[in-house]
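**Q** Please see the structure below; I have some questions.
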């Protein structure tokens with residue numbers, strides 16, 4: 001009896017494990033596609049913080065969730081929950097960009113070292129073709145990977161920067177920005 005049970009359960013467990021593994025691969029590919037849409041804009045070089053921006057999304061004193069729901073009423077709660085879960089801790093953006101994108105990843109420590117050496121002047125000297133320094137969150141998705149929520153902030157000087165939440169929808173297999181909400185400006 002135990003043998004028949006094992007013969008039946010083993011294929012089911014293997015199929016379940018394979019399906020879960022494919023889901024994560026699909027999510028990584030979709031995350032890369034979302035980042036590509038965001039980065040297709042103006043910069044000839046994107047200098048991006050290697051660590052994802054995770055601050056504030058789980059902070060009970062922050063009302064970012066109320067703000068998102070008010071400003072983006074079409075965002076699904078599944079997308080918001082995924083965004084919160086995927087940003088509960090910092091991630092690393094290695095390998096998350098389309099090969100055609102001109103991206104330089106810079107660690108938070110590397111950024112701090114540049115600023116200790118000379119601030120924004122030093123940054124612009126090292127990266128003359130960059131519009132500034134960009135931070136990204138991980139991307140939150142709904143269950144069928146047709147809606148995405150992501151944060152992107154860029155700074156180019158001491159009082160020159162802004163951060164936005166972007167809502168994207170997948171239309172005919174292509175991610176499109178449908179809503180952009182400012183999170184901060186300086």
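The values are calculated or read from the model by the stated rules, or taken from the named source; none is laboratory data. Keep in mind that what you see is a predicted model, and the values were worked out from it rather than measured. All Cβ positions, even for glycine, are placed from backbone atoms using ideal geometry, and neighbour counts span all protein chains on display.
**Q** Report yes if some residue within segment 124-142 is part of a strand (DSSP E or B), surrounded by 20 or more Cβ atoms within 10 Å (Cβ to Cβ) and in contact with a helix residue (DSSP H, G or I) (Cβ under 6 Å, 6 or more places away or on another chain); otherwise report no.
**A** Looking through segment 124-142, at least one residue is part of a strand (DSSP E or B), surrounded by 20 or more Cβ atoms within 10 Å (Cβ to Cβ) and in contact with a helix residue (DSSP H, G or I) (Cβ under 6 Å, 6 or more places away or on another chain).
**Q** Still on this model: Give the residue that is farthest from residue 157 (Cα to Cα), with candidates limited to residues of segment 92-123 that are at pLDDT 90 or above and assigned to a loop (DSSP other than H, G, I, E, B).
**A** Filtering segment 92-123 for residues that are at pLDDT 90 or above and assigned to a loop (DSSP other than H, G, I, E, B), the one farthest from residue 157 (Cα to Cα) comes out as 93.
**Q** Which ones in segment 75-89 are surrounded by 16 or more Cβ atoms within 10 Å (Cβ to Cβ) and either without any contact (Cβ under 8 Å) to a residue 12 or more places away in the chain or assigned to a loop (DSSP other than H, G, I, E, B) (or both)?
**A** 75, 76, 87
**Q** Checking the structure you have, find out if any residue of segment 162-184 is more than 22 Å from residue 36 (Cβ to Cβ) and either touching a residue at least 40 places away in the same chain (Cβ under 8 Å) or not in a strand (DSSP E or B) (or both).
**A** No, segment 162-184 contains no residue that is more than 22 Å from residue 36 (Cβ to Cβ) and either touching a residue at least 40 places away in the same chain (Cβ under 8 Å) or not in a strand (DSSP E or B) (or both).
**Q** Do any residues in segment 120-145 that are over 17 Å from residue 75 (Cα atoms) have Cβ atoms under 6 Å from those of residues that are part of a helix (DSSP H, G or I), where the two are at least six apart or on different chains, and which pairs are they?
**A** 122/114; 123/114
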